[in-house]
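Shown next, in structure tokens, is the structure this report addresses.
Each value in this text was obtained by applying a stated rule to the coordinates, not by laboratory testing. All of these numbers come straight from a predicted model, not from anything done at the bench. Cβ: placed from backbone, ideal geometry, glycine included. Neighbour counts: every protein chain shown.
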Amino acid sequence: MIWCVEDDASIRDIEVYALQSTGFEAKGFEDGTSFWEALRTGRPELVVLDVMLPGIDGMELLRRMRADAALSDIPVVMATAKGAEYDKIRGLDLGADYYLTKPFGVMELVSCVKAVLRRCGTKTAAQLRCGGLVLDEESRTVTADGESVALTYKEFELLRLFLAHPGTAFSRDQLMADVWGTDYCGETRTVDMHIRTLRQKLGAYGEKIETVRGVGYRMEGKA
């Protein structure tokens, strides 16, 4: 998943569309604060990060990421209208992997993302487990006691989030923001419907997805 942090909606939409059209999963964030909050529960493969952002600016976000052991290895491509040499040097010194100066073409963006991912080396995706329930991130498959479980994209993403953070309670709004995206305008009962079908498909393991009264849901286990 590629995360694009850009306050200009038209540019953000173009970035996300271009990446999705070339086979990447991508979603956008309109400000630094929502992006930073999303990092609490999700982890992108790469971030396309604008410098001039409302809330937390791009340079500060980059500094925080590189100072956090859990986030420091995420590749970051800086994308900004600032073309001054000083700004480029500052971004690269803070740990940016590449620097794109606006205006840039969509194919330049896509080529840059591919090159940075190759250079940084994508790590082998992990297997997330809860007893005999196994989610393989690389093959995007789920098995329960060795039996294959067919899940939709959203169901898979919900389960991956729960398994990655056992014991952590997520509100419906948090789940919608992480799985459906910050721009999704649907109702929170959409989450309830997906949780219900996910539980049914998981059989006995579905009982491990607990309802937290007044909050939302969590996967049984230690936080």
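Values for this structure:
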read-out	value
Projected area averaged over orientations for the chain, convex hull of C-alpha atoms, nm²	12.6 nm²
For segment 2-120, with +1 on Lys and Arg beta carbons and -1 on Asp and Glu, the positive-most of I2, L94, V116 along the dipole	V116
Extension gain, Y17 back to A164 (0.36 nm per residue minus Cα-Cα distance, nm)	50.2 nm
FRET efficiency estimate (nearest 0.05) - Cβ-Cβ, A69 to S171, R0 35 angstrom	0.85
Acute angle (nearest 10 degrees) that the helix 153-164 long axis makes with the longest principal axis of the chain, alpha-carbon atoms	90 degrees
Degrees between helix 9-21 axis and first principal axis of the chain (Cα, 0 to 90, nearest 10)	60 degrees
Computed lengthening from Q200 to L92, 0.36 nm per intervening residue step minus Cα-Cα distance	34.0 nm
Cα-based shape type of segment 2-120, given that a ≥ b ≥ c are square roots of the gyration tensor eigenvalues and the cut on a/c is 1.5	rounded
Largest to smallest principal axis extent of the C-alpha atoms in segment 127-219, angstrom	36, 26, 20
Nonlocal Lys pairs with alpha-carbon distance under 22 Å, the chain (8 or more apart, or different chains)	12
Order by protection proxy (mean Cβ within 10 Å, highest first), peptides 41-50, 206-215, 158-167	41-50, 158-167, 206-215
C-alpha long axis of helix 106-120 to longest principal axis of the chain, angle in °	70 degrees
Relative contact order %, the chain, counting alpha carbon pairs below 8 Å whose residues are six or more apart	14 percent
Local electrostatic count at T211 - Lys and Arg +1, Asp and Glu -1, tallied over other residues with Cβ under 15 Å	+3
Pairwise label distance in nanometres, K114 with K102, each label 7 Å out on the Cα-Cβ vector	2.5 nm
